[in-house]
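Please read the structure below before turning to the comments.
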Amino acid sequence: MAPAPLAGSDIYERILTAPGGLVVLDHVDSNALIDQFRAIARNNGQSVYVWRSEIGMENLREAHAVIPGSQRIGNVLRYIQQSIHFGIYLLSPFPLPLVPAENTLLRQLARAPAGHVRRVVLLDALPALVSSVDDVAVRLGSTAHLIQRPRLRDGRWLL
């Protein structure tokens, strides 16, 4: 009997298969999604980070592992850009207004080379931010309205 897939794994897979490096998630419960991604990161060992302005960037796989000097969004975007490792970076809430250097970094991350699987995910993004990066961002919505199709995963069919 195959184990049941973890909650949030459908959104996780959609983020990984997104054609661009910048993903905007619409209509999701951010706190619940972060908790689901924490469970996924601990289960599969992948690097998933969440950034909040009051805490900085923390690794969801390891409890209380905060990246030093990551309270400012500019430093975080530079850190993501310089990383050569796999990673999903959840940014919530993204501060506005963007200075031109941060806008440039965000656009460069959206056009990241295909060799690196690095996804920057904007949670709870304000409409002004979404409209400013709409030409380079991939928008994903909630999967509640989609019909789930079976997927072949590790030799097993999952819904």
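Key figures
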| read-out | value |
| --- | --- |
| Scope the range 100-133; condition in a loop (DSSP other than H, G, I, E, B), touching a residue at least 24 places away in the same chain (Cβ under 8 Å) and open to solvent by 70 Å² or more (accessible area, probe 1.4 Å); matching residues | R111, D124, L126 |
| Residue list for the range 52-99, restricted to those being aliphatic (A, V, I, L, M) and free of Cβ contacts under 8 Å to residues at least 24 places away in the same chain | I55, A63, A65, V66, I67 |
| Qualifying residue in the range 31-49 (condition: among the hydroxyl-bearing types (S, T, Y) and either open to solvent by 30 Å² or more (accessible area, probe 1.4 Å) or more than 22 Å from D134 (Cα to Cα) (or both)) | yes |
| For S9: the one exception among (1) within 30 Å of R156 (Cβ to Cβ); (2) at pLDDT 90 or above; (3) polar (S, T, N, Q) | (2) |
| Residues of the range 7-22 that turn out to be assigned to a helix (DSSP H, G or I) and either open to solvent by 30 Å² or more (accessible area, probe 1.4 Å) or β-branched (V, I, T) (or both), as a count | 6 |
| Of all residues making up the range 61-81, the number that are open to solvent by 90 Å² or more (accessible area, probe 1.4 Å) and outside any loop (DSSP other than H, G, I, E, B) | 1 |
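The values are calculated or read from the model by the stated rules, or taken from the named source; none is laboratory data. Everything numeric here is computed off the predicted structure, so don't read it as measured data. Virtual Cβ from ideal backbone geometry, glycine too; neighbours counted across all protein chains shown. Just so you know, the surface numbers come from the protein's heavy atoms only, side chains and all, with ligands and any DNA or RNA stripped out. Shrake-Rupley method; radii C 1.70, N 1.55, O 1.52, S 1.80 Å.
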